[in-house]
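A.B. asks: Handing you this structure, nothing more for now.
The values are calculated or read from the model by the stated rules, or taken from the named source; none is laboratory data. Bear in mind the structure is a predicted one, so any value in this text is a computation, not a measurement. A quick note on method: Cβ atoms are made from the backbone with ideal geometry, for glycine too, and the neighbour counts reach across all protein chains shown.
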């Protein structure tokens, strides 16, 4: 059953780490064949579940060492109805996969959690379409109806919250937030942006966050940015406007490449972990309210270790 759903701990100002690029790590570094980057298929076998266990075993000890919290994102970014059909999973089987993913997160939490390191379990939700291209936009009502199914599965499975990753457009974010509110689930919306700091639809982060808050009564607990390099979005966060304080988390890409370049690349661009950690530290100095730090495409335990050391450890003042 949910342990940290109400009150929702990240809103209390505590510091949290999360993981890096699950799918890119498993595909490019460990050789897993994940159809459509769907890590949820690993729940089908003990070998696959062990791969997920091993993956998180590299991350959670960093939070324990720094005495900060950790947020598990379940390997379910693609585990929604449309992507399930594309990969060959009927709805009943997909529901079980979502539940199994949460149960695995609960198992790993029991191994590591301590009074100094609260560990939240987030049901990770991806966009209905592509993570880079908004495609044909749903209305907010359509998005709410579509995502309500997976959110309901996560609620009943005992998640502490849901996090919607790589959201490309305002309508889908509004629908997600409304569906989560109807399910009485804390909701985090994480937008992705292009190299110009704008959503793939062309909207600015300010326009997106202000619109979602206006349409939902500020239903999301907070917002994040993921699947973009800091150089793509840091300039847009420098305004000091009220909407900037709604951004509490960052999961950046290791690479400065555009989404189109990443899509066409056959090799993983891991960037430089130390340089990325310094960019995080500079961002944290500007925005001290940020309290959820992790990574996205191309990042792995090396990047998160550097980020945790520089931002949450002794190296922070020197950064």
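A.B. asks: Somewhere in segment 90-103, is a residue in a loop (DSSP other than H, G, I, E, B), surrounded by fewer than 22 Cβ atoms within 10 Å (Cβ to Cβ) and touching a helix residue (DSSP H, G or I) at 6+ places or on another chain (Cβ under 7 Å)?
C.D. replies: The answer is no; no qualifying residue exists.
A.B. asks: Taking residue 145 as the residue in question, decide whether it is out of contact with any strand residue (DSSP E or B) (no Cβ under 9 Å at 6 or more places or on another chain), free of Cβ contacts under 8 Å to residues at least 40 places away in the same chain and not in a loop (DSSP other than H, G, I, E, B). Reasoning before the result, please.
C.D. replies: Values: out of contact with any strand residue (DSSP E or B) (no Cβ under 9 Å at 6 or more places or on another chain): yes; free of Cβ contacts under 8 Å to residues at least 40 places away in the same chain: yes; not in a loop (DSSP other than H, G, I, E, B): yes.
So residue 145 fits the description; yes.
A.B. asks: Further, regarding this structure: Which residues, counting only those in segment 16-39, are surrounded by 15 or more Cβ atoms within 10 Å (Cβ to Cβ), assigned to a loop (DSSP other than H, G, I, E, B) and out of contact with any strand residue (DSSP E or B) (no Cβ under 7 Å at 6 or more places or on another chain)? Can you show your working first?
C.D. replies: Just the residues of segment 16-39 that are surrounded by 15 or more Cβ atoms within 10 Å (Cβ to Cβ), to begin with: 16-28, 32, 34, 37-39.
Right, trim to assigned to a loop (DSSP other than H, G, I, E, B) and you get 18-21, 32, 34, 38.
Those that are surrounded by 15 or more Cβ atoms within 10 Å (Cβ to Cβ), assigned to a loop (DSSP other than H, G, I, E, B) and out of contact with any strand residue (DSSP E or B) (no Cβ under 7 Å at 6 or more places or on another chain): 32, 34, 38.
A.B. asks: Please go through (1) touching a residue at least 60 places away in the same chain (Cβ under 8 Å); (2) surrounded by fewer than 22 Cβ atoms within 10 Å (Cβ to Cβ); (3) closer than 17 Å to residue 247 by Cα for residue 198 and return the number of the only condition it doesn't satisfy.
C.D. replies: Checking residue 198 against (1) touching a residue at least 60 places away in the same chain (Cβ under 8 Å); (2) surrounded by fewer than 22 Cβ atoms within 10 Å (Cβ to Cβ); (3) closer than 17 Å to residue 247 by Cα, the one that fails is (1).
A.B. asks: Let me ask something additional. Specify the residue that is nearest to residue 11 (Cα to Cα); the eligible residues are those in segment 217-247 that are part of a loop (DSSP other than H, G, I, E, B) and touching a strand residue (DSSP E or B) at 6+ places or on another chain (Cβ under 7 Å).
C.D. replies: So in segment 217-247, the residues part of a loop (DSSP other than H, G, I, E, B) come out as 217-221, 227-229, 238-241.
Subset that is touching a strand residue (DSSP E or B) at 6+ places or on another chain (Cβ under 7 Å): 219-221, 227-229.
On the way: 219: 13, 220: 11, 221: 7, 227: 23, 228: 24, 229: 25 Å.
Of everything passing the filter in segment 217-247, 221 is nearest to residue 11 (Cα to Cα).
A.B. asks: Go through segment 218-245 residue by residue and tally those that are farther than 12 Å from residue 283 by Cβ, surrounded by fewer than 21 Cβ atoms within 10 Å (Cβ to Cβ), at pLDDT 95 or above and touching a helix residue (DSSP H, G or I) at 6+ places or on another chain (Cβ under 7 Å).
C.D. replies: Of the residues in segment 218-245, 3 are farther than 12 Å from residue 283 by Cβ, surrounded by fewer than 21 Cβ atoms within 10 Å (Cβ to Cβ), at pLDDT 95 or above and touching a helix residue (DSSP H, G or I) at 6+ places or on another chain (Cβ under 7 Å).
A.B. asks: Can you tell me which residue is farthest from the chain's Cα centre (by Cα) among those in segment 67-89 that are assigned to a helix (DSSP H, G or I) and surrounded by 20 or more Cβ atoms within 10 Å (Cβ to Cβ)? Spell out how you get there, then give the answer.
C.D. replies: Going residue by residue through segment 67-89, those that are assigned to a helix (DSSP H, G or I) are 81-87.
Checking the rest, the ones that are also surrounded by 20 or more Cβ atoms within 10 Å (Cβ to Cβ) come to 83-84.
Working: 83: 18, 84: 19 Å.
Looking at residues that are assigned to a helix (DSSP H, G or I) and surrounded by 20 or more Cβ atoms within 10 Å (Cβ to Cβ), I get 84.
A.B. asks: Regarding residue 274, is this residue in contact with a strand residue (DSSP E or B) (Cβ under 8 Å, 6 or more places away or on another chain) and either within 23 Å of residue 134 (Cα to Cα) or touching a residue at least 12 places away in the same chain (Cβ under 8 Å) (or both)?
C.D. replies: Numbers: in contact with a strand residue (DSSP E or B) (Cβ under 8 Å, 6 or more places away or on another chain): no; either within 23 Å of residue 134 (Cα to Cα) or touching a residue at least 12 places away in the same chain (Cβ under 8 Å) (or both): yes.
No: the conditions fail for residue 274.
A.B. asks: Considering only segment 194-213, I want to know if a residue exists there that is closer than 24 Å to residue 103 by Cα, out of contact with any helix residue (DSSP H, G or I) (no Cβ under 7 Å at 6 or more places or on another chain) and not in a loop (DSSP other than H, G, I, E, B). I'd like the intermediate steps shown before the answer.
C.D. replies: Applying the first criterion (closer than 24 Å to residue 103 by Cα) to segment 194-213 yields none.
No: segment 194-213 contains no residue that is closer than 24 Å to residue 103 by Cα, out of contact with any helix residue (DSSP H, G or I) (no Cβ under 7 Å at 6 or more places or on another chain) and not in a loop (DSSP other than H, G, I, E, B).
A.B. asks: Within the set of pairs 6 or more residues apart or between chains, which connect a residue that is at positive phi inside segment 295-309 to a residue that is buried (at least 23 other Cβ atoms within 10 Å of the Cβ) with Cβ atoms less than 8 Å apart?
C.D. replies: 298/21; 298/24; 298/253; 298/254
A.B. asks: May I pose another question? Hey, could you check segment 168-193 for residues that are part of a loop (DSSP other than H, G, I, E, B) and in contact with a helix residue (DSSP H, G or I) (Cβ under 6 Å, 6 or more places away or on another chain) and say which is farthest from residue 1 (Cα to Cα)? Talk me through it step by step, then tell me what you get.
C.D. replies: Of segment 168-193, the ones part of a loop (DSSP other than H, G, I, E, B) are 168-169, 183-186, 192-193.
Checking the rest, the ones that are also in contact with a helix residue (DSSP H, G or I) (Cβ under 6 Å, 6 or more places away or on another chain) come to 183, 185, 193.
Working: 183: 15, 185: 13, 193: 34 Å.
Checked segment 168-193; the qualifying residue farthest from residue 1 (Cα to Cα) is 193.
A.B. asks: Show me the helices (runs of 4 or more DSSP H) entirely contained within segment 248-319 in which 2 or more residues are modelled with pLDDT under 90, over 23 Å from residue 10 (Cα atoms) and more than 19 Å from the chain's Cα centre (by Cα).
C.D. replies: Numbers: elements: 259-263, 273-286, 301-312.
Ranges flagged: 259-263.
A.B. asks: Is it true that some residue in segment 158-167 is over 20 Å from residue 247 (Cα atoms), touching a helix residue (DSSP H, G or I) at 6+ places or on another chain (Cβ under 7 Å), at pLDDT 95 or above and surrounded by 20 or more Cβ atoms within 10 Å (Cβ to Cβ)?
C.D. replies: Narrowing segment 158-167 to residues over 20 Å from residue 247 (Cα atoms): 158-159.
When the remaining residues are screened for being touching a helix residue (DSSP H, G or I) at 6+ places or on another chain (Cβ under 7 Å), the result is 158-159.
Now drop any that are not at pLDDT 95 or above, which leaves 158-159.
In the following step, the residues that additionally are surrounded by 20 or more Cβ atoms within 10 Å (Cβ to Cβ) were identified as 159.
Yes: one or more hits.
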